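For reference, the structure discussed in these notes is given below.
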Amino acid sequence: MTGRPDIRRYPGFAAMAALCLAILYVPLAVVIAYSFNDSTSLTNWGGVSLRWYADLFTGVEAPRFRAAAWNSITIATLAATASTIIAAAAAVAMVRGGRFRGKGATFALINLPLMVPEIVTAVATLIFFSTIGLMTGYLTILIAHITFCIPFAYLPIAARLEGIEETFEQAARDLYATRAQAFRLILLPLMMPGVISGFLLAFIISLDDFIITNFVKGAGMETLPTAIFGSVKQGIKPNILALSTVMLTVSILFVTLSYFVNRLGQRSRA
Amino acid sequence: MDEVVAVRRVVKRFGAFTALAGVSLTIGQKQFFTLLGPSGCGKTTLLRCIAGFEDLSEGTILLEGRDIAGLAPNLRPVNTVFQHYALFPHMTVAQNVAFGLKMQGMAPGPRLKRAGEMLELVHLSGFADRLPSQLSGGQQQRVALARALAPSPRVLLLDEPLSALDLKLRQAMRVELKQLQEETGITFVFVTHDQEEALTMSDRIAVMSAGEVRQIGSPREIYEAPVNRFVAGFIGETNLLPVRVASFAGGMARVVLPGGHQLTCPGAQTAPTGTPHVSIRPERMTLVPPGSGDLDASVERLIYLGTDLQVLARLADGTALHLRMQNSARATPPGAGSTIGVAIEEGAARLLAD
Ligand SMILES: Nc1ncnc2c1ncn2[C@@H]1O[C@H](COP(=O)(O)OP(=O)(O)OP(=O)(O)O)[C@@H](O)[C@H]1O
Ligand SMILES: [Mg+2]
């Protein structure tokens with residue numbers, strides 16, 4: 001057979017792969033395992049327990065975490081909703097708008113935030129807010145999150161939209177639907193998997209963000225990542241491991257959900 | 001008023017490319033009107049102009065006497081059966097069929113009843129609750145038809161609706177489509193590049209090439225009285241013989257065939273431009289003893305076609321000629337290399353305009 005060389009036969013392939021996977025996942029595995037440790041020590045195993053999970057709700061840091069979680073979840077929900085709406089409008093204009101001047105530039109502008117180093121965006125955003133005199137706090141975090149979530153919501157929506165033939169909308173228009181009706185009754189339901197996928201992605205990106213949030217949050221305002229960072233600065237306690245595990249679970253759940261929504265959409269289209 | 005659609009000198013350009021180069025035609029009430037032509041000749045573009053998906057570069061389209069320029073597709077009483085059906089994948093068959101009625105503001109009760117009737121008309125009564133993806137190609141095609149017919153449009157546009165079906169189904173659907181048109185009395189504008197489809201179904205055919213209409217007529221006129229070389233060659237098989245025109249008056253010509261024999265033949269209304277040609281269908285010529293017919297030719301090859309034998313021959317001046325003889329025990333086929341005489345049936349030769 002003259003196919004591609006089988007990469008699995010290369011000398012050292014297995015060892016290299018194992019090493020990469022280990023570097024990626026052993027720390028995560030350790031965090032998850034020790035979050036169930038029944039001991040105040042980070043290194044000594046004291047048996048299985050859920051005490052650190054309980055500690056998240058009842059311990060000394062519980063009020064701080066609860067406030068941070070509330071901020072994180074509401075900001076992520078609002079930011080994901082707003083950025084998804086903006087991204088959907090942008091995607092419809094880009095994919096269905098035909099050819100227009102500056103289309104390439106527009107595409108670059110929408111997706112630039114993916115390429116710009118986050119620290120640069122963070123500094124720029126902070127300078128911007130202080131220049132226009134906006135008090136840092138919940139609102140500044142929300143605005144910043146809406147902004148950087150747009151490209152993440154845009155990509156799955158645009159990809160989905162590109163796969164939908166224009167004849168569906170034309171058929172609707174031909175059958176006496178107005179432009180708005182054709183959008184609402186035909187295009188929107190067909191692009192929904194992309195929209196949901198984009199929303200979930202934006203939600204997770206917002207929930208996880210640290211750098212930009214840390215710059216624009218102002219004093220006394222915390223989201224989960226900044227709260228964790230603040231807590232860790234005073235030494236790592238096992239309750240942080242529990243909180244990290246919870247966040248990891250939520251992230252994995254959302255990304256998986258996003259993946260399956262997309263797959264479901266692809267199947268229904270066939 | 002008898003004409004439903006009047007297309008007047010319509011030009012459509014895409015940038016520098018001219019897809020329709022001044023098309024004029026009129027489509028009558030309850031007609032089955034076919035646009036026939038090779039790929040890329042502008043059939044779909046013309047249909048899209050009538051439906052309202054393309055703006056005209058020049059010219060006008062009248063629908064029942066009214067200029068429809070600038071009227072959005074949803075404001076034109078015209079429905080389309082798309083080439084790949086474009087059934088809404090997230091709606092059931094019944095919802096698809098009722099969509100146009102819903103947009104017209106019909107209440108749910110009446111419109112579902114009407115959708116049921118339309119499905120019955122296309123023999124799909126049991127399929128109302130299925131999704132389009134759960135139907136075969138032929139069934140999807142019928143749903144598309146029912147959906148476009150449900151709002152009783154003034155004109156139904158069909159863009160190669162049968163091209164995605166296999167041969168058997170295509171032949172069955174031809175008959176059904178024609179019946180449906182007669183039952184509903186709706187004017188059909190049907191696009192195809194399949195000449196057999198066009199000949200069997202149409203009341204009138206417009207033959208197009210390169211953005212122009214080359215001839216409009218009944219199937220019989222198009223086949224038996226083509227006016228130019230494109231139409232003669234595109235529809236069916238034909239022989240094109242170069243001739244010299246001895247006299248020409250009132251659509252009748254006296255022509256001199258290669259070999260010197262003279263023939264009177266009907267032809268185009270205008271005198272031919274360039275080298276004049278006559279078109280003769282292979283089945284309208286018969287084999288006769290050499291010297292006793294209109295032409296003499298030498299046989300090059302015999303091709304067995306089952307019911308027929310095809311005889312490929314060549315005239316003395318090199319022009320290829322093909323004719324048919326019935327495959328029967330009574331007629332002995334000529335051998336390759338032998339000389340044959342060819343008699344042309346009265347009126348079978350047509351003088352072409354170009
Ligand atoms: N939107 C467009 N932009 C540029 N050129 C186009 C556009 N639509 C059609 N054309 C061109 O116009 C010509 C006619 O196209 P049209 O689709 O009408 O052909 P057709 O007769 O329907 O062919 P087919 O039998 O292959 O469907 C083609 O050469 C095509 O490339
Ligand atoms: Mg076409």
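The values are calculated or read from the model by the stated rules, or taken from the named source; none is laboratory data. The shown structure was predicted, so the numbers you read here are calculated from the model rather than taken from an experiment. Please note: Cβ atoms are built from the backbone with ideal geometry, for glycine as well, and neighbour counts cover all protein chains shown.
Pick from region B:177-214 the residues that are within 16 Å of ligand 2 (Cβ to nearest atom) and in a loop (DSSP other than H, G, I, E, B): which of them is farthest from the other protein chains (Cβ to nearest Cβ)?
Only one residue tops the list, namely B:ALA210.
Please pick out the residue among B:GLU283, B:GLU237 that is under 25 Å from the mean Cα position of the chain (by Cα), surrounded by fewer than 14 Cβ atoms within 10 Å (Cβ to Cβ) and within 24 Å of B:ILE222 (Cα to Cα).
Every option except B:GLU237 fails the conditions.
With the requirement that a residue be part of a strand (DSSP E or B), touching a residue at least 60 places away in the same chain (Cβ under 8 Å) and farther than 22 Å from B:GLY318 by Cα, what does region B:249-282 give you?
Of everything in region B:249-282, those that are part of a strand (DSSP E or B), touching a residue at least 60 places away in the same chain (Cβ under 8 Å) and farther than 22 Å from B:GLY318 by Cα turn out to be B:ALA253, B:CYS265, B:PRO266, B:GLY267.
Please go through region A:172-216 and pick out each residue that is among the aromatic types (Phe, Trp, Tyr) and either outside any helix (DSSP H, G or I) or away from chain B (no Cβ under 14 Å) (or both).
A:TYR176, A:PHE199, A:PHE203, A:PHE210, A:PHE215, listed by residue number.
Just one of (1) buried (at least 20 other Cβ atoms within 10 Å of the Cβ); (2) hydrophobic (A, V, I, L, M, F, W, C); (3) without any contact (Cβ under 8 Å) to a residue 12 or more places away in the chain; (4) within 23 Å of A:THR81 (Cα to Cα) trips up A:ALA122, so point out which.
Of the numbered conditions (1) buried (at least 20 other Cβ atoms within 10 Å of the Cβ); (2) hydrophobic (A, V, I, L, M, F, W, C); (3) without any contact (Cβ under 8 Å) to a residue 12 or more places away in the chain; (4) within 23 Å of A:THR81 (Cα to Cα), the odd one out for A:ALA122 is (3).
Take region B:39-76 and flag every residue that is within 13 Å of ligand 2 (Cβ to nearest atom) and either of a type in the set (S, T, N, Q) or over 16 Å from B:ALA6 (Cα atoms) (or both).
Within region B:39-76, B:SER39, B:GLY40, B:CYS41, B:GLY42, B:THR44, B:THR45, B:PHE53, B:GLU54 qualify.
Please give the number of the condition B:TYR85 fails out of (1) hydroxyl-bearing (Ser, Thr, Tyr); (2) more than 22 Å from B:ILE216 (Cα to Cα); (3) modelled with pLDDT of 95 or more.
If we test B:TYR85 against (1) hydroxyl-bearing (Ser, Thr, Tyr); (2) more than 22 Å from B:ILE216 (Cα to Cα); (3) modelled with pLDDT of 95 or more, just (3) comes out false.
Given the condition modelled with pLDDT under 95, within 14 Å of another protein chain (Cβ to nearest Cβ) and buried (at least 19 other Cβ atoms within 10 Å of the Cβ), answer yes or no: does some residue in region B:100-112 qualify?
Yes: one or more hits.
Any residue at all in region B:25-32 that's surrounded by fewer than 22 Cβ atoms within 10 Å (Cβ to Cβ), within 16 Å of ligand 1 (Cβ to nearest atom), in a strand (DSSP E or B) and under 21 Å from the mean Cα position of the chain (by Cα)?
yes
Are any residues in region B:36-62 closer than 19 Å to B:LEU177 by Cβ, touching a helix residue (DSSP H, G or I) at 6+ places or on another chain (Cβ under 8 Å) and either within 14 Å of chain A (Cβ to nearest Cβ) or within 8 Å of ligand 1 (Cβ to nearest atom) (or both), and if so, which ones?
Passing the criteria: only B:ALA51.
Kindly provide the set of residues from region B:286-307 that are exposed (fewer than 15 other Cβ atoms within 10 Å of the Cβ) and among the acidic types (Asp, Glu), ordered by number.
Listed by number, the list holds a single entry, B:GLU300.
Within region B:309-324, count every residue that is in a strand (DSSP E or B) and surrounded by fewer than 20 Cβ atoms within 10 Å (Cβ to Cβ). Step through it out loud before you land on a result.
Quick first cut of region B:309-324, residues in a strand (DSSP E or B) only: B:309-315, B:320-324.
Next cut, surrounded by fewer than 20 Cβ atoms within 10 Å (Cβ to Cβ) only: B:309-310, B:312, B:314-315, B:320, B:322.
Here the count works out to 7.
Say we look at region A:144-171 and pick out the residues that are hydrophobic (A, V, I, L, M, F, W, C), farther than 18 Å from A:ALA89 by Cα and out of contact with any Pro (no Cβ under 9 Å at 6 or more places or on another chain); which of these is farthest from the other protein chains (Cβ to nearest Cβ)?
Step by step, filter region A:144-171, then rank; the result is A:ALA144.
If a residue has to be more than 8 Å from ligand 1 (Cβ to nearest atom) and exposed (fewer than 15 other Cβ atoms within 10 Å of the Cβ) to count, how many in region B:4-21 make the cut?
Looking only at that region, the number is 3.
Would you please name the residue that is nearest to B:LEU35 (Cα to Cα), looking only at residues in region B:119-134 that are within 13 Å of chain A (Cβ to nearest Cβ) and in contact (Cβ under 8 Å) with a residue 24 or more places away in the chain?
It comes out as B:PRO132.
Here are B:ALA172, B:ALA206, B:ALA225, B:ALA232: which of them is surrounded by fewer than 20 Cβ atoms within 10 Å (Cβ to Cβ), hydrophobic (A, V, I, L, M, F, W, C) and farther than 18 Å from B:LEU124 by Cβ?
From the options B:ALA172, B:ALA206, B:ALA225, B:ALA232, the qualifying one is B:ALA225.
Which one of B:ALA94, B:ALA86 is within 16 Å of ligand 2 (Cβ to nearest atom), among the small types (Gly, Ala, Ser) and in contact (Cβ under 8 Å) with a residue 24 or more places away in the chain? Can you show your working first?
On the way: B:ALA94 fails: within 16 Å of ligand 2 (Cβ to nearest atom).
Testing whether each residue is within 16 Å of ligand 2 (Cβ to nearest atom), among the small types (Gly, Ala, Ser) and in contact (Cβ under 8 Å) with a residue 24 or more places away in the chain leaves just B:ALA86.
Matching residues to (1) modelled with pLDDT of 90 or more; (2) more than 30 Å from B:GLY137 (Cα to Cα); (3) within 20 Å of the chain's Cα centre (by Cα):
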| position | (1), (2), (3) |
| --- | --- |
| A:LEU201 | yes, yes, yes |
| A:ILE205 | yes, yes, yes |
| A:ASP208 | yes, yes, yes |
| A:ASN214 | yes, yes, yes |
| A:ALA219 | no, yes, no |
| A:PRO225 | yes, yes, yes |
| A:GLY235 | no, yes, no |
| A:SER258 | no, yes, yes |
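In region B:63-88, which residues are touching a Pro at 6+ places or on another chain (Cβ under 6 Å) and either more than 8 Å from chain A (Cβ to nearest Cβ) or part of a loop (DSSP other than H, G, I, E, B) (or both)?
Within region B:63-88, B:PRO77, B:VAL81, B:LEU87 meet the criteria.
Right, B:ARG66: within 16 Å of ligand 1 (Cβ to nearest atom) and out of contact with any strand residue (DSSP E or B) (no Cβ under 7 Å at 6 or more places or on another chain) or not?
Here the answer is no, as B:ARG66 does not meet what is asked.
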